[in-house]
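Below is one structure, written out as structure tokens; the observations come after it.
The values are calculated or read from the model by the stated rules, or taken from the named source; none is laboratory data. What you are looking at is a predicted structure, and each value in this text was computed from that prediction instead of being measured. Here Cβ is always computed from backbone atoms with ideal geometry, including for glycine, and neighbour counts include all displayed protein chains. Heads up: the accessible areas ignore ligands, DNA and RNA and are worked out on the full protein's heavy atoms, side chains in. Shrake-Rupley method; radii C 1.70, N 1.55, O 1.52, S 1.80 Å.
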Amino acid sequence: MKKPAIATGVGLITAAIALIGVLVLFIAAVANGAAGHQEEQGAAGAQLSARGGQVGDIPPDMLALYRQAAPAACRGLDWSVLAAIGKVETDHARHPTMRSDAGAVGPMQFLPSTFTGYAYPVPPGGANPPTPWDPADAVYAAARMLCANGAKTGTSDGLYKAIYSYNHADWYVNKVLAQAKSYASAQPSGLGGDVGGASNPIVKAALTQLGAPYVWGGGTINGSTGGGFDCSGLTSYAVYQGTGHRVVLPRTSQEQRHVGTPVARSEMQPGDLIVFNKDGWGHVGIYAGGNRMVDAPRPGKSVEVISLAGYWENYAWDIRRVA
């Protein structure tokens, strides 16, 4: 009679172990599910960051250069044209040698003799003396060359001539224009929806700086120095550029809170400044439409498009229309 009892005991132990194993697996599955959910949220966050700071296959550092160089070196030139040339020439500096049979070198494929004519002034973060191998030097030189050869006119004919001057072939111009159109249509869109205010000139100027690093005290109204932006540096730059150099803001968010005209939240429009208060009026961004804001958030981050969900509930705020 004991043997069955022993067998039953072993069976109970085995069953208990099995049950524990199932529970362990269940807990692990739940944990993995939670982790997976967190990773999914993280992936969504990465997608937001990518949509805010990256377009398609463009590395973030190159994207920032294209966006900074276009308005700084050739007002009216869209960053997507520079990006398209970078893509066609070297796949954004991914080409293994970045040397052509014709002697062109670097990420934007300059002949050294041609580069010399467009190398100065040295751009933010560029090498000194400039070199066609340096990404900042090359991208800014490309913008200056395009500008000098017709891009500054702002017309389609002028742009065609400018790209043709870069490489004397109609197929090349058409390829660059098609790629630029693709990049332009992939304009950053915050949380997966369109930035409704992207056509607003202040918002548009701010969007050219997506991916630029946060630098405390960084940014100027013409974007020529600083290498990055803090929150009020970004708003100063975007308002100055977006209003055709007519409006110069005071430098700090505390001062910017008192410029322009106060606006109710229900009447807020793209291009309005939003100053937030949490232990002081220490942060400002640019309303981009769709409950989103173009923002230079904090050290370690870059200029990005963020959702304003939660901001209204957790902060005091002031909205100012400056143009």
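Overview of results
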| quantity | calculated |
| --- | --- |
| Under 17 Å from the Cα of LYS175 - aspartates and glutamates, other chains or at least 8 residues apart | ASP57, ASP78, GLU89, ASP91, ASP157 |
| Contour minus Cα-Cα distance for TRP133 and ALA186 (0.36 nm per residue) | 16.3 nm |
| All aspartates and glutamates inside 16 Å of LYS301 as judged from Cα atoms, apart from same-chain residues fewer than 8 positions distant | ASP61, ASP230 |
| Three-way shape call for the stretch 242-323 based on the alpha-carbon gyration tensor, with the a/c threshold at 1.5 | rounded |
| Nitroxide proxy distance, nm - points 7 Å out along Cα→Cβ at HIS245 and ASP279 | 4.1 |
| ASP78, ASP61, reordered so the largest accessible area comes first (probe 1.4 Å) | ASP61, ASP78 |
| Estimated FRET transfer efficiency (LYS301, ALA264; beta-carbon r; R0 35 Å; 0.05) | 0.75 |
